[in-house]
Structures are given as C-alpha cells and as structure tokens.
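Below is one structure, written out as structure tokens; comments come after it.
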Amino acid sequence: MSLAERMEPSIDDACGAPFRLLLAEDEKTQRLLLERQLRDAGYIVETAQDGLEALEKILQGGFQILVTDWDMPGIDGATLCRRVREAQLPGYLYILLLTGHDSPLDTVTGLEAGADDYVKKPARAAELLARLKTASRIVRLERSLRASNERVRLLSITDAVAGTYNRRYLNEELLREVERSCRYDRSLSVVMADLDHFKRINDQHGHHTGDEVLRGFAELASSSLRGSDWIARYGGEEFVMVLPETDIGGATRTAEKIREACTAAPFSTSAGPISLTVSFGVADLERRTDAAAAGSQTLLRSADAALYRSKLDGRNRVTVANRAARSVPGVAVPA
C-alpha cells in the first residue's frame, strides 16, 4: 500500500459497513435464538459454543463486538473478558456480558474483568438490541478516532510537496532498518537520487512546476520499488530510497531502472512536458557496524559521496559507493 493510500479513509469507515459480532453461548437453543435476532438486526454474526472457541476466533481478528454468556465450559465469560483484554487487540472489541448472576459483586466482577456492559438473562430482545446500538456507536467512534490519529501520524511523517515520507521519517525508520539488518544478518541498501539542474526548472517555469516535477519523480520512482521498499525526500531535489533485503547489485539495478525511465520520457506538468535526468549514488550496509545510529549515518554518507561522484562525472548516471572511480553514464562498475 502506498503512502497516499494509507491516508485515505477505509471503505468500512466511510460507508458504515455492518459490524462483525461473535456470539459465545453454550446452550444450543439460546444460541440459535440470539443468532437469529442479531442477524435480523443487521449484524454479521459468528458463533462459538464455549469460551475457548470464542477466544481462538477473537485472536484471529476481525470482530468489533463480543456477546458472551458468563457460565460456559472451558473458560467462563469473565475469564474470557480478561483474556481478550490481555491480548491487546489492534482494534477495540466491545464486550457485552450475558449473565444470570444478579448480585452487585458479580456485576463489579464482570466489569472489572473487561466487559463494557452486561444484560441479565434471559435477555429481552429489545433491551439487548438497544445496548448493542450503544455498543455500535462506541465502536464507530473509537474506529473514527483511531483513523484520525493515524492520518495525523501520517501527515507528520509525509513530505507535503512530493507526497513521500519526509526526512524525519527517514532518520527514525532507517535506524530500525539498520537494527533489523544487523540482528538478522540481512542485506540493506540505499539509493540517493538528485534531480539534475533542477534549479533551472524553478527559475524558468516557477516553483509550482518544480513541485510538479518532484511529485512526478516520486511517483515514477515508487512504481519501480517493491512493497517492502520505501522512499523519502531528503531535502530540496534529493530523495533517498531504502531497500531492505537488497544487496548492492540489486540496488544498482533498481537505480538504473529509474534513471532510464526518467530519460525515456519527459515529465508532464502544467507548463508542458519537461525533460529531466537524474543522478544516483548507491550504498549498502556493512553489517559489522555495531551501532545502528552510526550505521545509518554511514550508509547515508556513503550514498551521498557516490551521488557527488555521479555529479562530478557528468550527471545522469549511477555510481556505487567505494567504486566511484570507474562509474560511467548508466553503469556502476566495481573497482
């Protein structure tokens, strides 16, 4: 999923799709009756015959509401509530506890175990559905808040012009990529790109057109990356592509693919088509590096040095770090 797609609200949130509800009830007749009532009310219902089966289904994910009996074989409803809360599910699960227990102490026990609400058995249909309407409102509000928080988070790590990740995200996430690479002894490479003579575009056509070119390059580069790769704007007209599980040869091929695509066709802008070449520097992680912070900075410095060599050698080329002396247009040749 691209960064832009992650910032779009989900279809379920926008359309108010029916909630998935899990009904845990060991008594067959009561389970069938409740299941029919809940389906008629518009819920997508799955059932479990005991607490253990219910917990297994919940941990698989996808439910927004749990309606559970208290007295069940395996684990009872109160224990099920505790297990669910301990699991720390990615989304909130609203729990409605059905109970024949009528003492205040039992009510407190159920709520402290993690239930959001309770209904005395036998549950009257009108009361049950009314409480579930409240549950649906709460779940929808929680989902909306979570989506809003995620949009805010994405905005904080997104470059407003290019639509890629920003330098803040690059600095933070590259540390994690280096840590993972060192821990599991995996390859990690970065590609640094600089748009050649970009100042001329701003001077001749204005900054709005320059911004269009930046977005166009970001889109073109992203289309050449895998799902696990990502791109960030480093500053000005420079970008960094991070390629986990990729050795220096694979990163060089990716850079060359993007370079060729940039030279093959002009970028479409409101000022008309604009031709552009791009210079690249490629570096991979030396996994003997101990400190992740030092490793990430060394990686960026190596890629930047290779990029600088590409510029000195005439631009529109890919240069590999520590192999700069023999770079030629379109090719990175090991020394």
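Annotation: extensible slack from R176 through V161 equals 2.9 nm (criterion: 0.36 nm per residue apart, minus Cα-Cα distance).
Could you state the per residue volume, in Å³, of the convex hull enclosing the Cα atoms of the stretch 122-257?
Numbers: hull volume 22.8 nm³, N = 136.
Convex hull volume per residue, Cα atoms: 168 Å³.
Panel values: the stretch 167-326, Kirkwood radius from alpha carbon pairs, Stokes-Einstein at 37 °C and 0.692 mPa s, translational diffusion coefficient 208 µm²/s. Per the Debye formula on identical point scatterers at the alpha carbon atoms of the stretch 3-156, with no solvent, log10 I(q)/I(0) at q = 0.09, 0.16 Å⁻¹ is -0.30, -0.87.
Taken over the chain, the convex hull of the Cα atoms encloses 168 Å³ per residue. Of the DSSP H helices in the chain, those with a Cα length along their own long axis of 27 Å or more and a mean Kyte-Doolittle hydropathy reaching -0.5 comprise 125-156, 292-312. Counting Lys and Arg as +1 and Asp and Glu as -1 over every other residue whose Cβ lies under 13 Å from the Cβ of E27, the net charge comes to -3. Bridges between two residues of the chain, per DSSP, are antiparallel at a rate of about 50%.
Treating only the Cβ atoms of Lys and Arg (+1) and Asp and Glu (-1) as charged, compute the dipole magnitude of the chain about its Cα centre; round to the nearest 20 debye.
Values: 44 positive and 49 negative charges, 198 e Å.
Taking the Cα centre of the chain as origin, the dipole is about 940 debye.
Annotation: lysines with alpha-carbon distance below 20 angstrom to K133 (same-chain offsets under eight excluded): K120, K121. Projecting the Cα positions of L195, F217, T252 onto the charge dipole of the stretch 167-326 (unit charges on Cβ atoms of Lys, Arg, Asp and Glu, taken about the Cα centre) puts T252 furthest along the positive direction.
None of the figures in this text is laboratory data; all of them are computed from the coordinates on show. None of the values given here were measured: they were computed from a predicted structure. Cβ coordinates were reconstructed from backbone atoms using ideal geometry, including for glycine residues, and neighbour counts include every protein chain displayed.
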